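The values are calculated or read from the model by the stated rules, or taken from the named source; none is laboratory data. What you see is a predicted model, and the numbers here were worked out from it, not measured in a lab. Cβ: placed from backbone, ideal geometry, glycine included. Neighbour counts: every protein chain shown. Remember, those area values only see protein heavy atoms, side chains included, never the ligands or the DNA or RNA. Shrake-Rupley method; radii C 1.70, N 1.55, O 1.52, S 1.80 Å.
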Amino acid sequence: MSTLLTVKNLKVSYPTRTGVIEAVRGVSFTLGKERLGIVGESGSGKSQTGRAIMGLTPGHGIVTADTLNFNGMDLLSASPKQRRLLRGKRIAMVLQDPKYSLDPVMTIGKQICETLRTHEKIGKGEARDRAIAMLEAVQIREPQRVFNLYPHEVSGGMGQRAMIAMMLIADPELLIADEPTSALDVTVQLDVLRIMDRLVSERGMGLIFVSHDLRLVSSFCDRVIVMYAGKVVEELKASELKNAKHPYTQGLLNCMPQIGENRHPLPVLDRKPEWAA
Ligand SMILES: Nc1ncnc2c1ncn2[C@@H]1O[C@H](COP(=O)(O)OP(=O)(O)OP(=O)(O)O)[C@@H](O)[C@H]1O
Ligand SMILES: [Mg+2]
């Protein structure tokens, strides 16, 4: 399988007055035209890994890596202009919180059209038609009406779907989806997963799927990496997630509730300092 992305020894740190925060501490993986899941507890560095690949690390953050290569292009030495051109068109990211990624003073439709028109030479009418078709594809009812709404006028789940529509409309080669379905109910969640799935299998897109939901990841992804304290502690086939060896992954699995099961007291995830070493 051809490799789309190579990440070797990626580190992201933030110098602060009281010392350096190491958000990502030497993450390595490769991605082909497949679905790679990233799981791990809150604060383990999943979003920071995605943002570094996207070139969206906040200004005071320091990103280093031995290799950060997208389709033969060295991202570390790419100019800000080259990175901007990549973003949106060839690499897209659905951010965890759509509130911060949609422009509050521009209607949803206009934002999607602008994304499309910065990458393709098409007229206003065609852009509008394609934006509405995309809103429909992510299961937004009344797409014509939603097209004209501002982000604060839609629900959280609709905002998230609008964001997904905006990212998918440019037909990226790599999509980093950070908890893309966490604000959606299960039926819409499946619709959105299906759209992403189609892009992977039909158009050969590479997908990095960040999620807390181990069950979802094990059924939806091809491979999974498990992060803990800024590091990859385990990498395995998604279908083998239930046989995970690392005690942290096992602990995460053990914390998943089953419907109809009585759990008192609730399980507590035990963390050992040596896992972070
Ligand atoms: N701008 C920042 N300045 C300093 N530290 C930061 C900054 N952004 C993130 N961090 C730190 O980086 C670490 C990793 O954060 P990250 O957002 O990647 O976690 P995550 O795995 O995505 O968690 P979650 O599941 O809650 O989204 C955290 O300890 C966080 O405090
Ligand atoms: Mg996150």
- Query: For region 100-171, what is the charge dipole size about the Cα centre, in debye to the nearest 20, if Lys and Arg each add +1 at the Cβ and Asp and Glu each add -1 at the Cβ?
  - Reply: 100 debye
- For region 100-171, what's the relative contact order in percent, using C-alpha pairs closer than 8 Å and at least 6 residues apart? 45 percent
- Item | Heavy-atom surface of the chain, accessible at 1.4 Å and reported per residue (Å²) | 51 Å²
- Query: What accessible surface, in Å², does a 1.4 Å probe find on residue 270, ignoring ligands, DNA and RNA and rounding to the nearest 10?
  - Reply: 100 Å²
- Two-decimal Rg/Rh across the chain, once Rg and the Kirkwood Rh are taken from alpha-carbon atoms: 0.97
- Note on the structure: Computed Rg/Rh for region 156-217 (Cα atoms; Rh = Kirkwood radius) stands at 0.93
- Query: Which percent of the accessible heavy-atom area of region 100-171 goes to carbon and sulfur, probe 1.4 angstrom?
  - Reply: 51 percent
- Task: Could you work out the Rg to Rh ratio of region 100-171, with Rh taken as the Kirkwood radius (inverse of the mean 1/r over all Cα pairs)?
- Result: 0.92
- Message: Leaving ligands and nucleic acids out of the surface, order 100, 14, 248 by accessible area at 1.4 Å, largest first.
- Response: 100, 14, 248
- What is the Cα centroid distance between region 147-187 and region 21-78, reported in whole angstrom? 22 Å
- Rel. contact order, % - alpha carbon contacts under 8 angstrom, at least six apart, the chain: 24 percent
- Query: On average over all directions, what projected area in square nanometres does region 70-137 have, based on the convex hull of its Cα atoms?
  - Reply: 6.1 nm²
- Which value, in debye to the nearest 20, gives the size of the charge dipole of region 1-43 about its Cα centre, when Lys and Arg are +1 and Asp and Glu are -1 at the Cβ? 120 debye
- Item | Proximal lysines to residue 242, defined as alpha-carbon separation beneath 30 angstrom and excluding residues fewer than eight positions away on the same chain | 8, 11, 33, 46, 231, 272
- Taking the chain as the reference, fit the longest principal axis to its C-alpha atoms, fit the long axis of helix 108-119 to the helix C-alpha atoms, and give the angle between the two in degrees, 0 to 90, nearest 10. 90 degrees
- In degrees, nearest 10, the alpha-carbon axis of helix 186-203 is tilted away from the dominant principal axis of the alpha carbons of the chain by 80 degrees
- Query: Under a point-charge model restricted to the Cβ atoms of Lys and Arg (+1) and Asp and Glu (-1), what is the dipole moment magnitude of the chain relative to its Cα centre, in debye to the nearest 20?
  - Reply: 580 debye
- Report, ordered by chain and residue number, the lysines lying within cross-link reach of residue 124, taken as a straight Cα distance under 29 Å and ignoring same-chain residues fewer than 8 apart. 81, 89, 99, 110
- Task: For residue 237, go through the aspartates and glutamates and keep the ones whose alpha-carbon is under 18 Å away, minus same-chain ones fewer than eight residues off.
- Result: 34, 197, 213, 222
- Query: For the modelled label position 7 Å from the Cα of residue 150 along Cα-to-Cβ, which residues of region 110-134 have backbone nitrogen atoms closer than 17 Å?
  - Reply: 110-112
